[in-house]
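The structure appears below as structure tokens.
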Amino acid sequence: MSMPIGAPTVPIARDRGGPAQPLLTVDRLVKHFPVKTGLGGTKAVVRAVDGVDFEILKGETLGVVGESGCGKSTTARLIMGLIRHDSGDLLFDGERIGGRALPLRDFRAQAQMVFQDSYSSLNPRMTIEGSIAFGPRVHGVPKRQAIERARSLLARVGLEPARFAARYPHELSGGQRQRVNIARALALEPRLVVLDEAVSALDKSVEAQVLNLLMDLKQEFNLTYLFISHDLNVVRFICDRVAVMYLGQVVEIGPADMVLASPAHPYTAALLSSMPSMDPDARTQVAPLAGDPPNPIDPPAGCRFHPRCTLVEPVCRGTVPPLDALDARHRVACLARQPGSGHALAPDLAVAA
Amino acid sequence: MSASEPGPAVAIRGLTVVFGGVVEAVDGVDLTLERGQAVALIGESGSGKSVTLRAIMRLNPERRTRIGGEIRVGGADVMAMSPKALRALRGRAVAMIFQEPLLALDPVYTVGQQITEAIRQHERIGSAAARQRALALFERVRIPSPERRLDAYPHEMSGGMRQRAMIALALACRPQVLLADEPTTALDATVQIQILLLLRELQAELGLSTIFVTHDLGAAVEVADRIAVMYAGRIVEEGSARDVVLDPHHPYTIGLLRSRADGALAKGTRLKTIPGSPPDLANRPPGCPFAPRCFLAEERCRVEAPPAVAVQPGHRAACWRTEAAHAAFQGDRAPVLADAAV
């Protein structure tokens, strides 16, 4: 039907739109949480996700980075339908999630999530084999077949079924439990796996083991990953593209090598230079940013990053920077990068010949 | 405990800590902290780094903990201290910063009250003077609008601000020794580097002797003069930060350095991992605790525990095969580190 670009990234039978169709399209997604503040109970809202746009292409790993409160986990939960969004659109392989062509139940069979806390995301009263087989059984797979598949998945993630299948979550180490969570996510043969800080709670030596496993599984099962993390080293290692979020919005998105090697947004640059140096002779001398990330209840006007930005100019306080294309694959929301924005560092407008 | 006393700030000899009679959390730790020095204790969860730190102030629960060995702070024997002497030690001579300030600070008192309480506990001083001291401390740790923040409750502050307030609390009685237990682990990246730089600056200015527990090599390199790597309750390698990171001699340190997903690694290559997981501390195998996971382990390693040997002056490693380990690291180092090497 369509021209294959390299190897097909998903089994053709389930692939509707062909390889060029993004697997997931997130369009102007908004989620505000109401909170009460003050004695009078004045209404306020946390603008957790405030107009997020991005696409995840088939077979790629998209990283989402940002500090706490930037909305990266809320975005993941909105995508999975764990919480309802206020406005905006979520398209999976071209179909609206929850629409007539793709009911939520069908979507969930194709998208799975792995959480940060490996213990609280498993049922403590169920053996791990039971936990892994539970999803397929709910979706109509006969018991024996589901158990068989659970055992082969356990073997695949490096846990010998004969030793581990009948164990309970508390009998496993953190790294082993996270392997169980990964096996469970794969039990329904999903196309999209959302990994929300899935390796953050693990010790470094175990984290490396799980990262290797994730890369192998991706290839073997033709998966697409949404990889949420605060660790830029890990993101650089595992992701094809990366989106940087700040206060509920995407401020920069592009190929990981490009964004992390020559960041276009001052916030991305600050995140990168905040990483501790590994060279005792070249320690960090000045903290790149002062203060904490501001409160998403009352985000600053104009560019949300302007109170902490080194490039700030008066224009930044009044104008919201759009997420503009720097080139075909790299987009950034910064007035200093936008031609004709009025910022002194802005490039000149291209003059039409 | 005046600064003129000779000898190291903290000296630990043969420390053992056993929980509930079976779990050997710390198994023979020797560590010396010279005055004005910063030592980082590095290790994974369960390696005994926090337990060692807490033992210095005897904070581990008395009833189910058996402690052996010797701990001296400024020459004074901590193991022999009476409850009263311990009270005088804690907060006064030795102060501690914890990982999670929201749990460590009292939620029902303002941070200002908590700091003045600490000062007045240890010194005869009026409440107005104590508050003045607290205000100066807040300015010192660079909390914006310090006067107003003194009257804030912990939950009213942001994560970075709370950690600054806890540092101010720890410094309230001008301690000689500062113990920090994963002080930046719960913080965001841009805030973590601010706190690391603040700790480094305070340490240099106030001449503090600091022990800094972390699992993050990068954070350790930023603040520490010396690094001690712990595994299964023992220090497996100790030396200057430079030596340990650029010229490691223990296979575990080498494994930790190699498994980092650093910029030095090409995309698509596999990370070099340490196989397996740490041993069960209630059931220690004989020999070197790292042997089952070690890429260099031989017969002797499984039978006999290696003693710490000096590989260079001021740099020791507890391994039978330091030469082979060192050669393996040199032969396969990441290109980025090659220029910076000794």
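The values are calculated or read from the model by the stated rules, or taken from the named source; none is laboratory data. Please read all numbers here as calculations on a predicted model, not as lab measurements. Glycine also receives a Cβ, built like all others from the backbone with ideal geometry; neighbour counts cover every protein chain displayed. Accessible surface is based on the protein model in full, side chains and every heavy atom, while ligands, DNA and RNA are left aside. Shrake-Rupley method; radii C 1.70, N 1.55, O 1.52, S 1.80 Å.
Within region A:282-312, the set of residues being touching a Ser or Thr at 6+ places or on another chain (Cβ under 8 Å), more than 14 Å from every other protein chain (Cβ to nearest Cβ) and at negative phi comprises A:Cys303 only. One residue stands out in region A:228-255 among those that are in contact (Cβ under 8 Å) with a residue 40 or more places away in the chain, within 11 Å of chain B (Cβ to nearest Cβ) and surrounded by 22 or more Cβ atoms within 10 Å (Cβ to Cβ): the one that is nearest to the chain's Cα centre (by Cα), namely A:Ser229.
Residues of region A:157-178 being of a type outside the set (A, V, I, L, M), within 24 Å of the chain's Cα centre (by Cα) and over 26 Å from A:Ser68 (Cβ atoms), which ones? Lay out the reasoning, then the answer.
Applying the first criterion (of a type outside the set (A, V, I, L, M)) to region A:157-178 yields A:158, A:160-161, A:163-164, A:167-171, A:173-178.
Within this subset, residues satisfying the condition of being within 24 Å of the chain's Cα centre (by Cα) are A:174-178.
Within region A:157-178, just A:Gln176 meets the criteria.
Can you say whether B:Arg142 is closer than 26 Å to B:Leu206 by Cα, part of a helix (DSSP H, G or I), at pLDDT 90 or above and not hydroxyl-bearing (Ser, Thr, Tyr), as far as the supplied structure shows?
On the way: closer than 26 Å to B:Leu206 by Cα: yes; part of a helix (DSSP H, G or I): no; at pLDDT 90 or above: yes; not hydroxyl-bearing (Ser, Thr, Tyr): yes.
No.
Selection of region B:213-224 for residues being hydrophobic (A, V, I, L, M, F, W, C) and at the interface with another protein chain (Cβ under 8 Å from one of its Cβ atoms) yields B:Leu217, B:Ala219, B:Val221. Of all residues in region A:295-317, one or more are more than 23 Å from B:Pro144 (Cα to Cα), in contact with a Phe, Trp or Tyr (Cβ under 9 Å, 6 or more places away or on another chain) and at pLDDT 90 or above. For region B:262-275, the count of residues that are farther than 24 Å from B:Cys319 by Cβ, among the basic types (Lys, Arg) and not in a helix (DSSP H, G or I) is nonzero.
Looking at B:Pro183, B:Pro154, which one is buried (at least 23 other Cβ atoms within 10 Å of the Cβ) and in contact (Cβ under 8 Å) with a residue 12 or more places away in the chain? Outline the logic, then answer.
Details: B:Pro154 fails: buried (at least 23 other Cβ atoms within 10 Å of the Cβ).
When all the criteria are applied, what remains is B:Pro183.
A single member of A:Val180, A:Val206, A:Val199 is in a helix (DSSP H, G or I), open to solvent by less than 30 Å² (accessible area, probe 1.4 Å) and within 14 Å of chain B (Cβ to nearest Cβ), and it is A:Val206. Quick check: is even one residue across region A:125-145 hydroxyl-bearing (Ser, Thr, Tyr), open to solvent by less than 70 Å² (accessible area, probe 1.4 Å) and without any contact (Cβ under 8 Å) to a residue 60 or more places away in the chain? Yes.
Per-residue answers, yes or no, for (1) of a type in the set (Val, Ile, Thr); (2) out of contact with any His (no Cβ under 9 Å at 6 or more places or on another chain); (3) touching a residue at least 40 places away in the same chain (Cβ under 8 Å):
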{"site": "A:Tyr168", "(1), (2), (3)": "no, yes, yes"}
{"site": "A:Gly174", "(1), (2), (3)": "no, yes, yes"}
{"site": "A:Arg179", "(1), (2), (3)": "no, yes, no"}
{"site": "A:Ala183", "(1), (2), (3)": "no, yes, yes"}
{"site": "A:Pro190", "(1), (2), (3)": "no, yes, yes"}
{"site": "A:Leu195", "(1), (2), (3)": "no, yes, yes"}
{"site": "A:Lys204", "(1), (2), (3)": "no, no, no"}
{"site": "A:Ala208", "(1), (2), (3)": "no, yes, no"}
{"site": "A:Leu226", "(1), (2), (3)": "no, yes, yes"}
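Give me the residue from region A:58-72 that is part of a loop (DSSP other than H, G, I, E, B) and more than 11 Å from A:Val242 (Cα to Cα) and, out of that set, nearest to the other protein chains (Cβ to nearest Cβ). Only one residue tops the list, namely A:Glu67. Any residue at all in region A:316-339 that's within 25 Å of B:Ser145 (Cα to Cα), open to solvent by 30 Å² or more (accessible area, probe 1.4 Å) and within 14 Å of chain B (Cβ to nearest Cβ)? No: zero hits. With respect to (1) of a type in the set (A, V, I, L, M); (2) surrounded by 21 or more Cβ atoms within 10 Å (Cβ to Cβ); (3) in contact with a Ser or Thr (Cβ under 7 Å, 6 or more places away or on another chain), the lone exception for B:Ile119 is condition (3).
Considering the conditions (1) part of a helix (DSSP H, G or I); (2) within 26 Å of B:Val23 (Cα to Cα); (3) within 14 Å of chain A (Cβ to nearest Cβ), B:Leu86 is excluded by exactly one of them, (3). Of the residues screened, B:Leu265 is not one that is of a type in the set (A, V, I, L, M) and at pLDDT 85 or above. Residue count for region A:210-224 under the criterion of being touching a residue at least 24 places away in the same chain (Cβ under 8 Å) and at the interface with chain B (Cβ under 10 Å from one of its Cβ atoms): the result is 3.
On the stretch given as region B:2-54, residues that are charged (D, E, K, R) and either assigned to a loop (DSSP other than H, G, I, E, B) or more than 17 Å from B:Val236 (Cβ to Cβ) (or both) total 6. Residue pairs whose Cβ atoms lie under 8 Å apart, sitting 6 or more positions apart in sequence or on different chains, and linking a residue in region B:194-212 that is within 12 Å of chain A (Cβ to nearest Cβ) to a partner that is open to solvent by 20 Å² or more (accessible area, probe 1.4 Å) and in a helix (DSSP H, G or I), are B:Ile195/B:Arg164; B:Leu198/B:Arg164. Filtering region B:233-252 for residues that are within 12 Å of chain A (Cβ to nearest Cβ), part of a strand (DSSP E or B) and either buried (at least 20 other Cβ atoms within 10 Å of the Cβ) or at pLDDT below 95 (or both) leaves a non-empty set.
Considering each residue of region A:7-28, count those that are part of a loop (DSSP other than H, G, I, E, B) and modelled with pLDDT under 75, and give that number. Explain how you work it out, then say what you get.
Restricting attention to region A:7-28, the residues satisfying the condition of being part of a loop (DSSP other than H, G, I, E, B) are A:7-11, A:15-23.
The next check asks that each one be modelled with pLDDT under 75; those that pass are A:7-11.
Residues flagged as part of a loop (DSSP other than H, G, I, E, B) and modelled with pLDDT under 75 within region A:7-28 amount to 5.
For region B:69-94, which residues satisfy the criterion of being open to solvent by less than 20 Å² (accessible area, probe 1.4 Å) and touching a residue at least 40 places away in the same chain (Cβ under 8 Å)? Residues satisfying the conditions are B:Ile71, B:Val73, B:Gly74, B:Ala93, B:Val94.
For B:Glu62, state whether it is in contact with a helix residue (DSSP H, G or I) (Cβ under 7 Å, 6 or more places away or on another chain) and part of a loop (DSSP other than H, G, I, E, B).
Details: in contact with a helix residue (DSSP H, G or I) (Cβ under 7 Å, 6 or more places away or on another chain): no; part of a loop (DSSP other than H, G, I, E, B): yes.
For B:Glu62, the condition - in contact with a helix residue (DSSP H, G or I) (Cβ under 7 Å, 6 or more places away or on another chain) and part of a loop (DSSP other than H, G, I, E, B) - is not met.
A single entry from A:Ile147, A:Ile132 fulfils the requirement of being touching a helix residue (DSSP H, G or I) at 6+ places or on another chain (Cβ under 6 Å) and over 23 Å from B:Ser277 (Cβ atoms): A:Ile147.
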